[in-house]
Amino acid sequence: MATPRIPLEKQVLIAVNGDEAVAYAVKQCLVDVVAAYPITPQTVIVERFSEFVADGEVHTEFVPVESEHSAMSACVGAAAAGARAFTATAANGLALMWEILYIAASLRLPIVLAVVNRALSAPINIHCDHGDAYGMRDSGWIQLFVENSQEAYDTTIQAFKIGEHPDVQLPVAVNLDGFFLSHTLENIRMLPDDVVHEFLGGYRKIPKTYVDYHGREVELKLDPSSPISFGPLDLYDYYFEHKMHQIEAMKRVPDVVKKVNEEWSELTGRSYGDGVLVPYATEDADVIVTVLGSTSGTVRTVVKKLRSRGYKVGMVRIRMFRPFPFNELRELLKGAKVVGVMDRGISFGSYGPSFMEINTTLYDLRERPLLVNYVYGLGGRDAPPDLIEKMFMELLEIAKTGEVKEKLRFLGVRE
């Protein structure tokens with residue numbers, strides 16, 4: 001890797017938890033409006049940011065609202081007026097945003113949302129699984145999942161650049177695992193404020209993509225001097241065409257994510273695969289496991305251990321879940337005999353959501369790997385190395401026999 005433009009000694013080493021890492025990133029991103037409502041395990045993000053506001057360290061309008069529905073609504077209004085907007089939530093709070101998530105995406109507003117992944121009630125549970133993120137997967141948001149707090153900091157900054165790119169103009173959700181990351185202390189390296197400002201190109205800039213009634217190219221935002229409507233009634237004569245605009249924008253996202261990842265690598269020395277997928281030891285692997293979020297570190301450790309014992313195993317961390325990287329993932333998985341898909345969530349009455357995507361990914365291959373879905377970690381249950389190793393040994397046995405007796409399995413549940 002080339003020497004980063006900002007060497008490590010110029011980056012500030014600080015011990016923070018994952019929530020604080022996000023808050024510090026937002027502090028540096030010249031955000032105009034933060035609308036916030038507290039919910040565990042996200043609260044620390046907006047709590048810490050409110051301290052930055054109170055201490056005069058940022059010039060951000062901080063709006064303490066009465067619910068998560070209102071938080072996203074406030075962000076929609078702010079972003080429609082041209083502001084750079086941010087909020088954060090988790091679990092039931094994200095579910096309460098449901099209606100407005102679709103509005104934010106359909107209006108092409110590049111809001112950034114930190115989702116501190118937590119199980120949905122009932123019963124009440126405040127710990128991690130990905131059910132909340134899986135619930136928003138069809139809303140039109142870009143979804144990125146991080147492995148550790150350093151990546152939470154890095155990806156939050158990247159998210160503003162990705163969402164605001166002229167070819168994208170879509171909202172971005174940055175997902176970090178509740179408690180595993182949000183409340184765990186970790187050393188991270190922060191860039192100087194001015195470097196982040198330069199990386200983002202200053203305050204939010206809105207492409208002049210709209211032609212008003214006078215034939216002038218104007219910014220697509222609420223402006224009394226060039227009045228326009230956002231989200232008016234749109235029946236069957238135009239609605240379908242407007243959905244196609246979102247579909248085409250999503251097609252452009254992977255290239256932008258990869259480009260931003262490369263730019264970040266050149267700046268900091270840190271990169272995350274190609275920005276979309278992070279493979280490890282997949283080249284000659286007979287068994288490959290896919291995973292999202294913080295469990296990736298445990299899986300990678302087990303892969304190293306099994307490799308040292310001569311087993312041909314590998315892993316792929318899915319960093320970008322929406323839009324789903326079908327083509328890139330197919331290239332990584334097509335040579336394996338068996339693929340194990342880890343889902344920290346379940347679609348009741350079906351399989352895990354990422355399993356369904358990977359099944360689609362591989363379906364058209366003439367010769368394709370056998371697939372097994374492992375649902376694990378619901379409600380924050382741990383997935384220690386011995387449990388991950390047990391999963392790999394099951395998959396290696398399937399590679400040997402060529403037979404899958406149970407396609408849907410539950411890893412670490414008591415019987």
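The values are calculated or read from the model by the stated rules, or taken from the named source; none is laboratory data. Computed from a predicted model, the values in this text were never measured in an experiment. No Cβ is skipped: glycine too gets one built from the backbone with ideal geometry, and neighbour counts run over all protein chains shown. Surface accessibility is based on the protein's heavy atoms, side chains included, excluding ligands, DNA and RNA. Shrake-Rupley method; radii C 1.70, N 1.55, O 1.52, S 1.80 Å.
For the range 278-411, the relative contact order works out to 27 percent when only alpha carbon pairs closer than 8 Å and six or more residues apart are counted. Here the label points at Asp382 and Lys205, each 7 Å from Cα along the C-beta direction, are separated by 4.9 nm in the simple model. Legend: residue pairs Lys208/Lys243; Lys161/Lys304; Lys161/Lys208; Lys312/Lys334; Lys27/Lys161, Cα-Cα distance threshold 23 Å; pairs beyond threshold, Lys161/Lys304. Each label point was placed 7 Å from the Cα along the Cα-to-Cβ direction; for His214 and Ser121 their separation is 5.3 nm.
For the range 362-394, the set of trypsin sites (Lys or Arg not before Pro) satisfying both a DSSP loop assignment and a count of at most 15 other C-beta atoms within 10 Å is given as Arg366.
Ligands, DNA and RNA left out, the accessible area of the range 319-391 computed with a 1.4 Å probe is 49% carbon and sulfur.
Multiplying the residue separation of Tyr102 and His245 by 0.36 nm and subtracting their alpha-carbon distance yields 50.1 nm.
Between the exposed loop cleavage positions of the chain, defined as chymotrypsin sites (Phe, Trp or Tyr not before Pro) in a non-H, G, I, E, B DSSP state with at most 14 neighbouring beta-carbon atoms within 10 angstrom, the longest gap is 1-202.
About the centre of its Cα atoms, the chain shows a dipole size close to 1220 debye [charges on the beta carbon of Lys, Arg (+1) and Asp, Glu (-1) only; nearest 20 debye]. The tail of the calculated P(r) for the range 278-411, taken as Cα-Cα distances beyond 25 Å, holds 15 percent of the pairs. The aspartates and glutamates whose alpha-carbon is closer than 20 Å to the alpha-carbon of Lys305, local same-chain residues fewer than 8 away aside, are Glu147, Glu283, Asp284, Asp286, Asp382, Asp386, Glu389, Glu394, Glu397. Over the range 278-411, accessible surface divided per residue gives 44 Å², non-protein components excluded, 1.4 Å probe. Qualifying trypsin sites (Lys or Arg not before Pro) in the range 241-325, where qualification requires a DSSP coil assignment and no more than 15 other C-beta atoms within 10 Å, comprise Arg309. Annotation note: GluC sites (Glu not before Pro) in the range 1-86 located in DSSP loop regions with a Cβ neighbour count of at most 15 within 10 Å are Glu57, Glu66. Tell me, what is the FRET efficiency for Glu262 and Asp237 to the nearest 0.05, using R0 = 35 angstrom and their Cβ-Cβ distance as r? Calculated transfer efficiency: 0.25. Relative to the current alpha-carbon distance between Lys305 and Glu61, full extension at 0.36 nm per residue lengthens the span by 82.9 nm.
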